[in-house]
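The values are calculated or read from the model by the stated rules, or taken from the named source; none is laboratory data. Every value quoted in this text rests on a predicted model; they were computed, and no experiment measured them. When we count neighbours, we look across all protein chains shown, and the Cβ atoms used for this are built from the backbone with ideal geometry, even at glycine. Each accessible area value is taken on the protein alone, full model and side chains, heavy atoms only, with ligands, DNA and RNA left out. Shrake-Rupley method; radii C 1.70, N 1.55, O 1.52, S 1.80 Å.
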Amino acid sequence: MIKICPKHSIQETLVFDEIGRDKSLSHRAIIFALLADTPTYIHHCLDAQDTLATLHIAHQLGAEMQRQGHTLIITPPTSKCLASDVNLQCHNSGTTMRLYMGLLSGFDGNRFYFDGDSSLQKRPMQRIRDFLEPMGAVFADGSTPLYPPFCLQGSKLSALHHISPISSAQSKSAFILAALQAQGTSFYSEPYKSRDHSERLLLAMGAQIKITQNTGYQLTIHPLRHKLRSLDFEIPNDPSSVFFFIVACLISPKSHCIFTNVLLNPTRIYALSILKQMGANITWHTTSSQIEEIGTIEVRSSTLSATTLNSQIAWCIDEIPALCIAFACANGESIIRNAGELRIKESDRLASIAHNLQALGIQVEEYDDGLKITGGEFQQNAKLQSFGDHRIAMAFSLVGIKTQVWIENTECVNISLPNFYQILEHFVELQ
Ligand code: S3P
(Lines give C-alpha, C1' and ligand atoms only; values in the text may rest on other atoms or scores of the structure.)
Protein backbone atom coordinates (compact mmCIF):
# COMPACT_ATOMS: atom_id res chain seq x y z
CA MET A 1 0.00 0.00 0.00
CA ILE A 2 1.46 3.41 -0.87
CA LYS A 3 0.37 6.84 0.30
CA ILE A 4 0.31 9.65 -2.27
CA CYS A 5 -0.03 13.32 -1.24
CA PRO A 6 -0.20 16.65 -3.07
CA LYS A 7 3.16 18.37 -3.61
CA HIS A 8 3.57 21.82 -2.08
CA SER A 9 5.46 23.34 -4.97
CA ILE A 10 5.92 21.91 -8.43
CA GLN A 11 8.34 23.21 -11.03
CA GLU A 12 6.45 25.45 -13.40
CA THR A 13 7.83 24.10 -16.68
CA LEU A 14 8.82 20.46 -17.02
CA VAL A 15 10.25 18.92 -20.19
CA PHE A 16 9.98 15.14 -20.50
CA ASP A 17 12.10 13.51 -23.23
CA GLU A 18 11.89 10.05 -21.72
CA ILE A 19 8.65 8.58 -20.32
CA GLY A 20 8.47 4.97 -21.52
CA ARG A 21 8.72 3.52 -24.99
CA ASP A 22 5.69 2.32 -26.94
CA LYS A 23 4.42 -1.07 -25.86
CA SER A 24 2.46 -1.94 -29.02
CA LEU A 25 5.41 -1.13 -31.30
CA SER A 26 7.89 -2.97 -29.05
CA HIS A 27 5.82 -6.20 -29.07
CA ARG A 28 5.48 -6.05 -32.85
CA ALA A 29 9.12 -5.23 -33.59
CA ILE A 30 10.17 -8.29 -31.53
CA ILE A 31 7.62 -10.70 -33.06
CA PHE A 32 8.14 -9.51 -36.64
CA ALA A 33 11.91 -10.03 -36.23
CA LEU A 34 11.14 -13.76 -36.36
CA LEU A 35 9.98 -13.34 -39.98
CA ALA A 36 13.05 -11.39 -41.13
CA ASP A 37 16.01 -12.59 -43.15
CA THR A 38 18.73 -10.80 -41.15
CA PRO A 39 19.05 -9.40 -37.58
CA THR A 40 16.58 -6.73 -36.48
CA TYR A 41 17.87 -3.68 -34.58
CA ILE A 42 15.37 -2.24 -32.10
CA HIS A 43 16.54 0.95 -30.41
CA HIS A 44 14.94 1.73 -27.03
CA CYS A 45 12.62 -1.29 -26.97
CA LEU A 46 10.29 -1.03 -23.96
CA ASP A 47 11.76 -2.92 -21.02
CA ALA A 48 8.65 -3.84 -19.02
CA GLN A 49 7.00 -7.10 -17.92
CA ASP A 50 4.67 -7.35 -20.95
CA THR A 51 7.38 -6.90 -23.56
CA LEU A 52 9.77 -9.15 -21.62
CA ALA A 53 7.15 -11.93 -21.96
CA THR A 54 7.17 -11.41 -25.74
CA LEU A 55 10.97 -11.35 -25.82
CA HIS A 56 11.29 -14.52 -23.75
CA ILE A 57 8.97 -16.40 -26.10
CA ALA A 58 10.93 -15.17 -29.17
CA HIS A 59 14.00 -16.67 -27.48
CA GLN A 60 12.17 -19.96 -26.78
CA LEU A 61 11.31 -20.06 -30.49
CA GLY A 62 14.98 -19.93 -31.40
CA ALA A 63 15.79 -16.22 -31.81
CA GLU A 64 19.14 -15.01 -30.47
CA MET A 65 19.15 -11.82 -28.39
CA GLN A 66 21.97 -9.38 -27.87
CA ARG A 67 21.94 -6.00 -26.13
CA GLN A 68 24.29 -3.17 -27.09
CA GLY A 69 23.52 -0.12 -24.96
CA HIS A 70 19.97 0.92 -25.83
CA THR A 71 19.85 -1.40 -28.83
CA LEU A 72 18.33 -4.87 -28.84
CA ILE A 73 19.56 -7.07 -31.70
CA ILE A 74 17.33 -10.03 -32.56
CA THR A 75 18.74 -12.68 -34.88
CA PRO A 76 15.96 -14.89 -36.25
CA PRO A 77 16.27 -18.69 -36.08
CA THR A 78 17.59 -20.31 -39.28
CA SER A 79 14.92 -23.00 -39.44
CA LYS A 80 11.24 -22.02 -39.10
CA CYS A 81 11.02 -23.06 -35.47
CA LEU A 82 13.55 -24.69 -33.21
CA ALA A 83 11.12 -25.47 -30.42
CA SER A 84 8.04 -27.63 -30.47
CA ASP A 85 5.82 -28.84 -27.61
CA VAL A 86 6.84 -25.70 -25.78
CA ASN A 87 5.08 -23.90 -22.91
CA LEU A 88 4.55 -20.25 -23.78
CA GLN A 89 3.90 -18.15 -20.68
CA CYS A 90 2.35 -14.83 -21.72
CA HIS A 91 1.91 -13.61 -18.11
CA ASN A 92 -0.41 -10.53 -18.19
CA SER A 93 -0.07 -9.70 -21.87
CA GLY A 94 -3.01 -10.10 -24.26
CA THR A 95 -0.95 -8.69 -27.13
CA THR A 96 1.73 -11.37 -26.60
CA MET A 97 -0.80 -14.19 -26.58
CA ARG A 98 -2.96 -13.06 -29.48
CA LEU A 99 -0.10 -12.11 -31.84
CA TYR A 100 1.83 -15.34 -31.17
CA MET A 101 -1.37 -17.35 -31.74
CA GLY A 102 -1.52 -15.84 -35.25
CA LEU A 103 2.17 -16.38 -35.96
CA LEU A 104 2.44 -19.91 -34.58
CA SER A 105 -0.77 -21.20 -36.16
CA GLY A 106 1.26 -21.48 -39.38
CA PHE A 107 4.17 -23.42 -37.85
CA ASP A 108 3.07 -26.75 -39.32
CA GLY A 109 3.49 -29.82 -37.09
CA ASN A 110 4.44 -27.90 -33.93
CA ARG A 111 2.40 -27.78 -30.73
CA PHE A 112 2.36 -24.76 -28.45
CA TYR A 113 0.92 -24.63 -24.92
CA PHE A 114 -0.28 -21.10 -24.19
CA ASP A 115 -0.92 -19.85 -20.67
CA GLY A 116 -1.10 -16.58 -18.77
CA ASP A 117 -1.62 -15.17 -15.27
CA SER A 118 -5.00 -15.18 -13.52
CA SER A 119 -6.02 -11.97 -15.36
CA LEU A 120 -5.09 -13.28 -18.83
CA GLN A 121 -6.88 -16.58 -18.08
CA LYS A 122 -10.12 -14.57 -17.97
CA ARG A 123 -9.58 -12.84 -21.33
CA PRO A 124 -11.39 -14.16 -24.42
CA MET A 125 -9.26 -15.91 -27.04
CA GLN A 126 -12.27 -17.23 -28.96
CA ARG A 127 -12.18 -14.13 -31.21
CA ILE A 128 -8.79 -15.39 -32.51
CA ARG A 129 -9.87 -19.04 -32.74
CA ASP A 130 -12.89 -17.86 -34.80
CA PHE A 131 -10.61 -17.25 -37.80
CA LEU A 132 -7.59 -19.46 -37.07
CA GLU A 133 -9.66 -22.66 -36.94
CA PRO A 134 -11.30 -22.11 -40.37
CA MET A 135 -7.77 -21.44 -41.72
CA GLY A 136 -6.71 -24.90 -40.47
CA ALA A 137 -5.15 -24.37 -37.01
CA VAL A 138 -6.07 -26.99 -34.42
CA PHE A 139 -6.95 -26.12 -30.82
CA ALA A 140 -6.75 -28.79 -28.11
CA ASP A 141 -7.16 -28.80 -24.32
CA GLY A 142 -9.07 -25.52 -24.48
CA SER A 143 -12.52 -24.51 -23.28
CA THR A 144 -15.30 -23.35 -25.60
CA PRO A 145 -15.42 -20.35 -25.79
CA LEU A 146 -11.64 -20.34 -25.63
CA TYR A 147 -9.75 -19.02 -22.58
CA PRO A 148 -6.13 -19.82 -21.65
CA PRO A 149 -4.61 -22.30 -20.98
CA PHE A 150 -4.91 -24.16 -24.29
CA CYS A 151 -2.81 -25.98 -26.85
CA LEU A 152 -2.47 -24.70 -30.43
CA GLN A 153 -1.21 -27.00 -33.14
CA GLY A 154 0.30 -25.27 -36.17
CA SER A 155 -0.86 -26.40 -39.64
CA LYS A 156 -0.61 -25.64 -43.33
CA LEU A 157 -3.04 -22.74 -43.39
CA SER A 158 -5.50 -21.88 -46.10
CA ALA A 159 -6.52 -18.34 -46.99
CA LEU A 160 -9.67 -16.84 -45.47
CA HIS A 161 -12.11 -13.98 -46.01
CA HIS A 162 -12.95 -12.74 -42.49
CA ILE A 163 -15.26 -9.93 -41.41
CA SER A 164 -14.50 -8.94 -37.83
CA PRO A 165 -17.44 -7.57 -35.84
CA ILE A 166 -15.03 -5.48 -33.70
CA SER A 167 -12.16 -3.09 -34.35
CA SER A 168 -9.30 -4.77 -32.48
CA ALA A 169 -5.62 -4.40 -33.39
CA GLN A 170 -4.72 -7.60 -31.56
CA SER A 171 -7.25 -9.62 -33.60
CA LYS A 172 -6.26 -7.91 -36.85
CA SER A 173 -2.54 -8.48 -36.19
CA ALA A 174 -3.09 -12.16 -35.34
CA PHE A 175 -5.01 -12.54 -38.61
CA ILE A 176 -2.30 -10.81 -40.67
CA LEU A 177 0.42 -13.03 -39.18
CA ALA A 178 -1.56 -16.17 -40.04
CA ALA A 179 -2.52 -14.89 -43.51
CA LEU A 180 1.14 -14.18 -44.39
CA GLN A 181 1.75 -17.94 -44.03
CA ALA A 182 -1.46 -19.15 -45.73
CA GLN A 183 -1.87 -20.59 -49.21
CA GLY A 184 -3.68 -17.92 -51.23
CA THR A 185 -4.78 -14.35 -50.69
CA SER A 186 -6.72 -13.50 -47.51
CA PHE A 187 -9.09 -10.65 -46.75
CA TYR A 188 -9.89 -8.99 -43.41
CA SER A 189 -12.28 -6.21 -42.57
CA GLU A 190 -13.08 -4.33 -39.36
CA PRO A 191 -15.79 -1.70 -38.71
CA TYR A 192 -13.24 1.15 -38.50
CA LYS A 193 -9.46 1.23 -38.47
CA SER A 194 -7.92 -0.01 -35.20
CA ARG A 195 -4.30 0.93 -34.42
CA ASP A 196 -2.37 0.12 -37.60
CA HIS A 197 1.20 -0.49 -36.39
CA SER A 198 1.29 -4.04 -37.76
CA GLU A 199 0.40 -2.89 -41.27
CA ARG A 200 2.92 -0.03 -41.14
CA LEU A 201 5.82 -2.16 -39.88
CA LEU A 202 5.11 -5.16 -42.12
CA LEU A 203 4.77 -2.93 -45.21
CA ALA A 204 8.14 -1.36 -44.35
CA MET A 205 9.55 -4.90 -44.15
CA GLY A 206 8.27 -5.72 -47.66
CA ALA A 207 5.02 -7.60 -46.91
CA GLN A 208 2.28 -7.35 -49.54
CA ILE A 209 -0.74 -5.91 -47.78
CA LYS A 210 -3.27 -3.75 -49.59
CA ILE A 211 -5.35 -1.33 -47.52
CA THR A 212 -8.75 0.00 -48.60
CA GLN A 213 -11.10 2.20 -46.63
CA ASN A 214 -14.71 2.44 -47.76
CA THR A 215 -17.40 2.18 -45.11
CA GLY A 216 -14.99 0.23 -42.89
CA TYR A 217 -11.32 -0.72 -43.06
CA GLN A 218 -10.20 -3.63 -45.23
CA LEU A 219 -6.95 -5.49 -45.80
CA THR A 220 -5.96 -7.84 -48.63
CA ILE A 221 -3.01 -9.94 -47.49
CA HIS A 222 -0.78 -11.88 -49.87
CA PRO A 223 1.26 -14.79 -48.50
CA LEU A 224 4.99 -14.32 -48.03
CA ARG A 225 7.08 -15.67 -50.87
CA HIS A 226 10.34 -15.09 -49.01
CA LYS A 227 11.54 -13.76 -45.65
CA LEU A 228 10.96 -10.09 -44.86
CA ARG A 229 13.55 -7.30 -44.78
CA SER A 230 14.65 -6.69 -41.20
CA LEU A 231 13.92 -3.45 -39.39
CA ASP A 232 16.33 -0.95 -37.84
CA PHE A 233 13.85 1.00 -35.81
CA GLU A 234 13.74 3.38 -32.85
CA ILE A 235 10.67 3.04 -30.61
CA PRO A 236 9.25 6.45 -29.58
CA ASN A 237 7.56 7.26 -26.25
CA ASP A 238 4.20 5.58 -25.72
CA PRO A 239 1.28 8.05 -26.02
CA SER A 240 -0.77 5.86 -23.64
CA SER A 241 1.95 6.14 -20.96
CA VAL A 242 2.51 9.86 -21.62
CA PHE A 243 -1.24 10.36 -21.24
CA PHE A 244 -1.11 9.79 -17.46
CA PHE A 245 1.28 12.74 -17.13
CA ILE A 246 -0.77 14.89 -19.50
CA VAL A 247 -3.73 14.47 -17.13
CA ALA A 248 -1.35 15.05 -14.18
CA CYS A 249 -0.31 18.40 -15.70
CA LEU A 250 -3.90 19.43 -16.49
CA ILE A 251 -5.10 18.88 -12.92
CA SER A 252 -1.98 20.30 -11.19
CA PRO A 253 -1.98 24.00 -10.26
CA LYS A 254 0.18 26.28 -12.47
CA SER A 255 1.77 23.45 -14.41
CA HIS A 256 3.29 23.48 -17.90
CA CYS A 257 4.69 20.29 -19.46
CA ILE A 258 6.34 19.45 -22.76
CA PHE A 259 6.62 15.83 -23.90
CA THR A 260 8.99 15.10 -26.79
CA ASN A 261 9.56 12.08 -29.03
CA VAL A 262 5.98 10.79 -28.57
CA LEU A 263 4.28 8.42 -31.02
CA LEU A 264 1.52 10.48 -32.69
CA ASN A 265 -0.10 7.81 -34.87
CA PRO A 266 -3.66 9.18 -35.46
CA THR A 267 -5.24 5.97 -34.12
CA ARG A 268 -3.44 6.51 -30.78
CA ILE A 269 -4.07 10.19 -29.96
CA TYR A 270 -7.84 10.50 -30.04
CA ALA A 271 -7.82 11.03 -26.25
CA LEU A 272 -5.90 14.29 -26.82
CA SER A 273 -8.81 15.58 -28.95
CA ILE A 274 -11.25 14.55 -26.21
CA LEU A 275 -9.27 16.63 -23.68
CA LYS A 276 -9.24 19.57 -26.10
CA GLN A 277 -13.03 19.25 -26.42
CA MET A 278 -13.15 19.47 -22.59
CA GLY A 279 -11.31 22.80 -22.68
CA ALA A 280 -7.77 21.52 -22.04
CA ASN A 281 -4.90 23.79 -23.02
CA ILE A 282 -3.08 21.19 -25.12
CA THR A 283 -1.32 21.27 -28.48
CA TRP A 284 0.73 18.72 -30.43
CA HIS A 285 2.75 18.71 -33.62
CA THR A 286 4.64 16.16 -35.70
CA THR A 287 8.44 16.45 -35.84
CA SER A 288 9.23 13.36 -37.92
CA SER A 289 7.35 10.84 -39.97
CA GLN A 290 8.98 7.60 -41.11
CA ILE A 291 6.82 4.49 -40.74
CA GLU A 292 5.14 6.27 -37.77
CA GLU A 293 4.44 9.94 -36.95
CA ILE A 294 6.40 11.20 -33.94
CA GLY A 295 6.22 14.59 -32.27
CA THR A 296 5.82 16.90 -29.29
CA ILE A 297 2.85 17.51 -26.98
CA GLU A 298 2.55 20.67 -24.87
CA VAL A 299 0.08 20.99 -21.97
CA ARG A 300 -0.85 23.59 -19.32
CA SER A 301 -3.09 23.33 -16.23
CA SER A 302 -6.69 23.81 -17.33
CA THR A 303 -10.25 24.08 -16.12
CA LEU A 304 -12.09 21.15 -17.66
CA SER A 305 -15.73 20.71 -18.60
CA ALA A 306 -17.66 17.45 -19.05
CA THR A 307 -18.02 15.59 -22.34
CA THR A 308 -19.61 12.52 -23.95
CA LEU A 309 -17.60 9.75 -25.55
CA ASN A 310 -19.51 7.08 -27.48
CA SER A 311 -17.71 6.32 -30.75
CA GLN A 312 -14.21 5.41 -32.00
CA ILE A 313 -13.62 3.82 -28.58
CA ALA A 314 -10.73 1.64 -29.88
CA TRP A 315 -8.79 4.87 -30.54
CA CYS A 316 -8.71 5.77 -26.85
CA ILE A 317 -9.41 2.45 -25.11
CA ASP A 318 -6.17 2.43 -23.08
CA GLU A 319 -6.54 6.09 -22.05
CA ILE A 320 -10.05 5.71 -20.57
CA PRO A 321 -8.90 5.05 -16.97
CA ALA A 322 -6.91 8.33 -16.93
CA LEU A 323 -9.66 10.13 -18.88
CA CYS A 324 -12.05 9.15 -16.06
CA ILE A 325 -9.81 11.03 -13.61
CA ALA A 326 -10.09 14.08 -15.90
CA PHE A 327 -13.89 13.56 -15.97
CA ALA A 328 -13.97 13.41 -12.15
CA CYS A 329 -12.09 16.76 -12.05
CA ALA A 330 -14.32 18.39 -14.71
CA ASN A 331 -17.43 20.50 -14.23
CA GLY A 332 -20.57 18.51 -15.07
CA GLU A 333 -21.60 14.98 -16.07
CA SER A 334 -19.38 13.05 -18.46
CA ILE A 335 -20.68 9.94 -20.21
CA ILE A 336 -18.88 6.99 -21.86
CA ARG A 337 -20.93 4.47 -23.90
CA ASN A 338 -20.13 1.64 -26.36
CA ALA A 339 -17.09 0.75 -24.26
CA GLY A 340 -18.02 -2.83 -23.26
CA GLU A 341 -14.49 -3.94 -24.34
CA LEU A 342 -13.24 -2.33 -21.11
CA ARG A 343 -14.82 -5.20 -19.19
CA ILE A 344 -12.37 -7.70 -20.75
CA LYS A 345 -9.10 -5.82 -20.31
CA GLU A 346 -6.49 -6.56 -17.59
CA SER A 347 -9.36 -6.09 -15.12
CA ASP A 348 -13.04 -5.29 -15.65
CA ARG A 349 -12.08 -1.64 -16.03
CA LEU A 350 -15.63 -0.25 -15.88
CA ALA A 351 -16.13 -1.98 -12.51
CA SER A 352 -12.61 -1.06 -11.27
CA ILE A 353 -13.06 2.62 -12.14
CA ALA A 354 -16.58 2.77 -10.64
CA HIS A 355 -15.38 1.08 -7.42
CA ASN A 356 -12.50 3.52 -6.89
CA LEU A 357 -14.49 6.63 -7.82
CA GLN A 358 -17.18 5.61 -5.32
CA ALA A 359 -14.49 5.18 -2.65
CA LEU A 360 -13.40 8.75 -3.48
CA GLY A 361 -16.94 10.09 -3.02
CA ILE A 362 -17.43 10.86 -6.72
CA GLN A 363 -20.91 10.29 -8.15
CA VAL A 364 -20.67 7.48 -10.71
CA GLU A 365 -23.22 5.34 -12.51
CA GLU A 366 -22.14 2.08 -14.18
CA TYR A 367 -23.78 0.87 -17.42
CA ASP A 368 -23.19 -2.45 -19.22
CA ASP A 369 -21.05 -0.59 -21.74
CA GLY A 370 -19.98 2.58 -19.98
CA LEU A 371 -20.04 5.04 -17.11
CA LYS A 372 -21.57 8.36 -16.09
CA ILE A 373 -19.21 10.43 -13.92
CA THR A 374 -20.18 13.68 -12.21
CA GLY A 375 -17.19 15.91 -11.51
CA GLY A 376 -16.58 16.78 -7.84
CA GLU A 377 -14.12 16.99 -4.96
CA PHE A 378 -12.18 13.85 -4.00
CA GLN A 379 -12.66 12.63 -0.43
CA GLN A 380 -9.41 12.65 1.53
CA ASN A 381 -7.64 9.43 2.65
CA ALA A 382 -9.63 7.03 0.45
CA LYS A 383 -8.21 3.50 0.15
CA LEU A 384 -8.11 2.49 -3.49
CA GLN A 385 -7.36 -0.78 -5.28
CA SER A 386 -5.38 -1.43 -8.44
CA PHE A 387 -7.15 -4.76 -9.10
CA GLY A 388 -3.70 -5.87 -10.35
CA ASP A 389 -4.31 -3.68 -13.42
CA HIS A 390 -1.42 -1.37 -14.36
CA ARG A 391 -3.58 1.32 -15.94
CA ILE A 392 -5.98 1.41 -12.98
CA ALA A 393 -3.02 1.79 -10.57
CA MET A 394 -1.52 4.63 -12.64
CA ALA A 395 -4.81 6.45 -13.26
CA PHE A 396 -5.85 6.46 -9.60
CA SER A 397 -2.38 7.49 -8.43
CA LEU A 398 -3.11 10.82 -10.17
CA VAL A 399 -5.74 11.53 -7.50
CA GLY A 400 -2.81 12.17 -5.13
CA ILE A 401 -2.20 15.45 -6.99
CA LYS A 402 -5.49 16.72 -5.51
CA THR A 403 -5.74 14.98 -2.14
CA GLN A 404 -4.05 12.39 0.07
CA VAL A 405 -4.88 8.87 -1.10
CA TRP A 406 -3.80 5.25 -0.44
CA ILE A 407 -3.41 2.60 -3.16
CA GLU A 408 -2.87 -1.15 -2.83
CA ASN A 409 -0.85 -3.44 -5.10
CA THR A 410 0.89 -0.83 -7.21
CA GLU A 411 3.72 -3.13 -8.34
CA CYS A 412 1.58 -3.91 -11.41
CA VAL A 413 2.83 -0.64 -13.00
CA ASN A 414 5.88 -2.76 -13.97
CA ILE A 415 3.69 -4.35 -16.64
CA SER A 416 3.97 -1.32 -18.91
CA LEU A 417 5.83 1.54 -17.18
CA PRO A 418 8.30 0.54 -14.44
CA ASN A 419 9.43 4.14 -13.81
CA PHE A 420 5.88 5.48 -13.41
CA TYR A 421 6.28 6.54 -9.76
CA GLN A 422 9.71 8.13 -10.36
CA ILE A 423 8.13 10.40 -12.98
CA LEU A 424 4.98 10.98 -10.91
CA GLU A 425 7.18 12.41 -8.14
CA HIS A 426 7.38 15.61 -10.21
CA PHE A 427 3.68 16.09 -9.33
CA VAL A 428 3.15 14.38 -5.93
CA GLU A 429 4.85 13.34 -2.66
CA LEU A 430 5.13 9.56 -2.27
CA GLN A 431 5.32 7.74 1.05
C1 S3P B 1 -3.20 -3.38 -28.42
C2 S3P B 1 -4.51 -3.29 -28.85
C3 S3P B 1 -5.61 -2.93 -27.95
C4 S3P B 1 -5.10 -2.27 -26.68
C5 S3P B 1 -3.95 -3.02 -26.08
C6 S3P B 1 -2.79 -3.08 -27.05
C7 S3P B 1 -2.18 -3.79 -29.40
O8 S3P B 1 -6.34 -4.10 -27.61
O9 S3P B 1 -6.13 -2.15 -25.74
O10 S3P B 1 -3.51 -2.42 -24.87
O11 S3P B 1 -0.97 -3.58 -29.16
O12 S3P B 1 -2.57 -4.32 -30.45
P13 S3P B 1 -7.50 -4.70 -28.56
O14 S3P B 1 -6.91 -5.11 -29.85
O15 S3P B 1 -8.06 -5.88 -27.80
O16 S3P B 1 -8.51 -3.60 -28.72
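The table for this structure:
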item: Cα-projected label distance for residue 211 with residue 38, points at 7 Å along beta-carbon direction, nm; result: 2.6 nm
item: Of 145, 118, 180, farthest towards positive along the dipole that unit charges on Lys, Arg, Asp, Glu beta carbons give the stretch 107-185; result: 180
item: Listed residues 351, 178, 29, most fluctuating in the chain (Gaussian network, C-alpha, under 10 Å); result: 351
item: Nearest-10 value in Å² for the accessible area of residue 343, using the 1.4 Å probe; result: 70 Å²
item: For residue 85, net neighbour charge (Lys/Arg +1, Asp/Glu -1) across residues whose Cβ lies under 13 Å away; result: 0
item: With DNA, RNA and ligands ignored, accessible area of residue 429 (1.4 Å probe; Å², nearest 10); result: 70 Å²
item: Gain on full stretching of the segment that runs from residue 78 to residue 277 - 0.36 nm per residue minus C-alpha separation; result: 66.5 nm
item: Sequence of 2, 401 when ordered by accessible area, the most exposed leading, probe 1.4 angstrom; result: 2, 401
item: Spacing of the two label points (7 Å from each Cα toward its C-beta) at residue 185 and residue 18, in nm; result: 4.7 nm
item: Cut-off under 5 Å, modelled amide H: who pairs with residue 159 long-range; result: 183
item: Probe 1.4 Å, protein heavy atoms only - accessible area per residue of the stretch 188-246 in square angstrom; result: 38 Å²
item: Cβ-placed point charges (K, R +1; D, E -1), dipole of the stretch 156-294 about Cα centre in debye, nearest 20; result: 260 debye
item: Å² per residue, accessible surface of the stretch 359-431 at 1.4 Å; result: 40 Å²
item: For the stretch 38-100: rounded, prolate or oblate by the Cα gyration tensor [a/c cutoff 1.5]; result: oblate
item: Segment residue 144-residue 308, extension gain: residue separation times 0.36 nm, minus the distance between their alpha carbons; result: 55.4 nm
item: Carbon + sulfur, % of accessible area of the chain - ligands and nucleic acids excluded, 1.4 Å; result: 47 percent
item: For the stretch 197-262 versus the stretch 1-25, the gap between their alpha-carbon centres in whole angstrom; result: 22 Å
item: Net charge contributed by nearby residues that have their C-beta within less than 14 Å of residue 158 (K/R +1, D/E -1); result: -1
item: Electrostatic dipole magnitude of the stretch 91-134 [Cβ: Lys, Arg +1; Asp, Glu -1; Cα centre; debye, to 20]; result: 140 debye
item: Computed accessible area, residue 1, all protein chains, 1.4 angstrom probe, square angstrom; result: 120 Å²
item: Dipole magnitude of the chain, debye to nearest 20 (Cβ charges: Lys/Arg +1, Asp/Glu -1, about Cα centre); result: 600 debye
item: Whole-number D in µm² s⁻¹ for the chain, Kirkwood Cα-pair radius fed into Stokes-Einstein, 20 °C, 1.002 mPa s; result: 97 µm²/s
item: Contour excess over end-to-end distance, with Cα ends at residue 229 and residue 151 and 0.36 nm allotted per residue; result: 25.0 nm
item: Projected label distance in nm at residue 71 and residue 122, using a 7 Å step from Cα toward the beta-carbon; result: 4.3 nm
item: Peptides 263-273, 140-150, 45-55 ordered by average Cβ neighbours within 10 Å, highest first; result: 45-55, 263-273, 140-150
item: Cα lying deepest toward the dipole's positive end in the stretch 289-391, options 385, 347, 321, charges on Cβ; result: 385
